Amino acid sequence: MILIANTMVTGDGKSVLRDYALLIQNGKIIEVAPAEQLKNNFPDEEVKDYGNATILPGLIDMHVHLGYWYSKPDGYEYNQHLIAYLTQYNALRAMFGGVTTVRSVSDPHMVCQKLVQAKEKGFVRAPRIFNCDRGICATGGHGWMLEDGCAQVDGADNIRSEIRKQLRDGAHWIKMMDSDRSNVSEYRQEELDAAADECHRSNRKICVHAGTQPSIQMCIDAGFDTIEHGTFMTVEQALQMKEKGLAWVPTIIAYTYIYDEMVKKLAANQTESSNVVDAGLLHDFEYFRAAAAAYKENFKKLYDTGVTVLAGTDMVMDGAPAAPVARELQYMVEYGITPVEAIATATGNSARVLGMQGQIGELTQGAVADLLVVEGDASADICALNRVKEVYQDGAAIHRAI
Ligand SMILES: [Zn+2]
């Protein structure tokens, strides 16, 4: 099949092609070439011309929690079965928004491994999932109250042991938590060093929730492959990350969305909540205010250091959208980078960090045909990503906007 659109954003952070086409066969991109040339060379191929539209690689959300049920007000009803259905529902909602790959950075134990298996067996549809199993936090540390969503583990050897168990059970990545909403690192440096070392010894990667100081610096020193949030990161730290080849997943939307929602709740005098997650957020309102302001103030300066930036959404509140990558990219553009640069954070950059360069995240010969087609010119208007026309996974259309 030949797909044509006025605009193609290839995902490398710079290339925009006009009046180009993709030749797709057997789920792969076989050729990227001017539309007329491809049509002439392959006259028997079916042609789909989207006209005033943009074709880009399917989006990658580097920070999701597909099975996050903890903020549900009726959480007492959630057992493993209901959590599994919720996980799959969130996976589908993400796909319909154009997200064809996610990195799930802690969920109830095994739920994403089983979703991957169910997909392989053909039971369900889901994006490609890189899964971290559950998170690992210090006793009483960030995430400790999330039942089986976070293991409380202390001490270097115990952390190594938990990492080995999670890898044994099918985790692709490991997720640590190291800071809550104060300037305290929950783990000691030797524990963080051990975690990173244990993963790297096994040729695996590790990400860490680190939003404040000194946690951000300690996690950079330990060599975590991706720093999640990095809310109060300094320019000096971003330069160190660039030097060490570490990537930053800012999750601007998470803090900004939560702050905006908190403002609404407080305006409506909702100062209490029925669930532990929302109650914690309300309690930490001032933190979210400062966090949202920090992203707005610092994002461009940090981006300009050249540190690899990846798109992640971290939607954990009840009623929040699933994997709203488009909105995260809109914040990035609002705070100073171009739409083409923003798209790279959710395509080429993320594919590289996932070890999938050339396979996903770029419109390039030989890549899997995971594609997003949106109305208009996304290279000029990032909001075009909200106007999904079609999503392809492995060369097959999975969703068509009605
Ligand atoms: Zn998260």
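The numbers here are math on the coordinates, done by the rules we state, and not lab data. As the structure is a computational prediction, the values presented were derived from the model and not from experiment. When we count neighbours, we look across all protein chains shown, and the Cβ atoms used for this are built from the backbone with ideal geometry, even at glycine.
Hey, how many Å between the Cα centroid of region 1-39 and the Cα centroid of region 317-372?
Computed from Cα coordinates, the inter-centre distance equals 18 Å.
Assigning unit charges at the beta carbon (Lys, Arg +1; Asp, Glu -1) and nothing else, what dipole magnitude in debye, to the nearest 20, does the chain show about its Cα centre?
Numbers: 37 positive and 53 negative charges, 115 e Å.
With only Lys, Arg, Asp and Glu charged at Cβ, the dipole is about 560 debye.
Show the residues, 5+ positions off or on another chain, whose built amide H is closer than 5 Å to the amide H of M62.
Result for M62 returns R103, A311, G312, T313.
Can you give me the relative contact order of region 19-168 as a percent, contacts being Cα pairs under 8 Å and 6 or more apart?
Working: 208 pairs, mean separation 24.8, N = 150.
Relative contact order of region 19-168: 17 percent.
Give, rounded to the nearest 20 debye, the magnitude of the charge dipole that region 219-284 has about its Cα centre when Lys and Arg contribute +1 at Cβ and Asp and Glu contribute -1 at Cβ.
On the way: 4 positive and 10 negative charges, 27 e Å.
It comes to approximately 140 debye.
If one computes the Cα centroid of region 98-123 and of region 139-168, what distance in Å separates the two points?
Each part's Cα centre sits 20 Å from the other's.
Using the Karplus curve 6.51 cos²θ - 1.76 cosθ + 1.60 with θ = phi - 60°, work out ³J(HN,Hα) for each residue of region 78-91 in order, rounded to whole Hz, and write x for Gly and Pro.
Working through the residues one at a time gives 8, 10, 4, 5, 5, 5, 5, 5, 4, 4, 5, 4, 5, 4 Hz.
Taking the dipole about the Cα centre of the chain, with the C-beta of Lys and Arg at +1 and of Asp and Glu at -1, give me whichever of Q240, H142, I60 is farthest to the positive side.
In the chain, that residue is I60.
Once you've got the Cα coordinates, tell me which of K14/K264; K264/K296; K244/K301; K114/K265; K165/K242 are over 27 Å apart.
On the way: K14/K264 38 Å; K264/K296 20 Å; K244/K301 18 Å; K114/K265 36 Å; K165/K242 31 Å.
Pairs exceeding the cut-off: K14/K264; K114/K265; K165/K242.
Net charge around A342, counting only other residues with Cβ within less than 12 Å of its Cβ (Lys, Arg = +1; Asp, Glu = -1)?
Details: positive: K300, R327; negative: E328, E334, E341, D381.
Surrounding charge for A342 is -2.
Quote to one decimal, in nm, the extra length available between Q189 and L266 on full extension: 0.36 nm per residue of separation minus the C-alpha distance between them.
On the way: separation 77, 0.36 × 77 = 27.72 nm, distance 3.81 nm.
Length gained between Q189 and L266: 23.9 nm.
Kindly provide the helix-only [θ] at 222 nm of the chain, computed as the sum of -39,500 (n - 2.57) over DSSP H runs of four or more divided by all residues, to the nearest 500 deg cm²/dmol? Mind showing how you got there, number by number?
Values: 13 runs with 144 residues, N = 402.
Computed mean residue ellipticity for the chain: -11000 deg cm²/dmol.
Given H placed 1.01 Å from N in the peptide plane, which residues other than close sequence neighbours of T338 have an amide H under 5 Å from its amide H?
Result for T338 returns nothing.
Skipping prolines and chain starts, which residues have an amide H placed within reach, meaning under 5 Å, of the one on A247, given they are 5 or more residues away or on another chain?
Under 5 Å from the amide H of A247 lie the amide H atoms of T226, I227, each far enough along the sequence or on another chain.
Based only on other Cβ atoms within 10 Å, what is the fewest-to-most ordering of M145, M233? Numbers along the way, then the final one.
Values: M145 14, M233 27.
Final ranking by Cβ density, sparse to dense: M145, M233.
About the Cα centre of region 283-355, how large is the charge dipole given +1 on each Lys and Arg Cβ and -1 on each Asp and Glu Cβ? Please answer in debye to the nearest 20.
On the way: 6 positive and 9 negative charges, 46 e Å.
Approximately 220 debye in magnitude.
Could you estimate the translational diffusion coefficient of region 270-337 from the Stokes-Einstein equation, with Rh from the Kirkwood formula over C-alpha pairs, at 20 °C and 1.002 mPa s, in whole µm²/s? Walk me through the numbers before you get to the answer.
Values: Rh = 13.9 Å.
Using the Kirkwood radius from Cα pairs, D works out to 154 µm²/s.
Indicate, rounded to the nearest 5 percent, the antiparallel portion of the DSSP beta bridges found entirely in the chain.
Of those bridges, close to 45 percent are antiparallel.
Highest first, please rank the peptides 104-116, 240-252 by the mean number of other Cβ atoms sitting within 10 Å of their residues.
Values: 104-116: 24.5, 240-252: 21.3.
Descending packing order for the listed peptides: 104-116, 240-252.
Report D for region 59-323 in µm² per second (integer): Stokes-Einstein, Kirkwood Rh on Cα pairs, 4 °C, 1.567 mPa s. Could the numbers behind the result be given before it?
On the way: Rh = 18.5 Å.
In µm²/s, the coefficient rounds to 70.
Would you list W144, W69 from fewest to most Cβ contacts within 10 Å?
Numbers: W144 18, W69 26.
Ascending Cβ contact count within 10 Å gives the list W144, W69.
Mean separation of Cα pairs under 8 Å and 6+ residues apart, divided by the residue count of the chain: what relative contact order is that in percent? Intermediate results must be reported in sequence, preceding the final value.
Working: 923 pairs, mean separation 85.9, N = 402.
Value for the chain: 21 percent.
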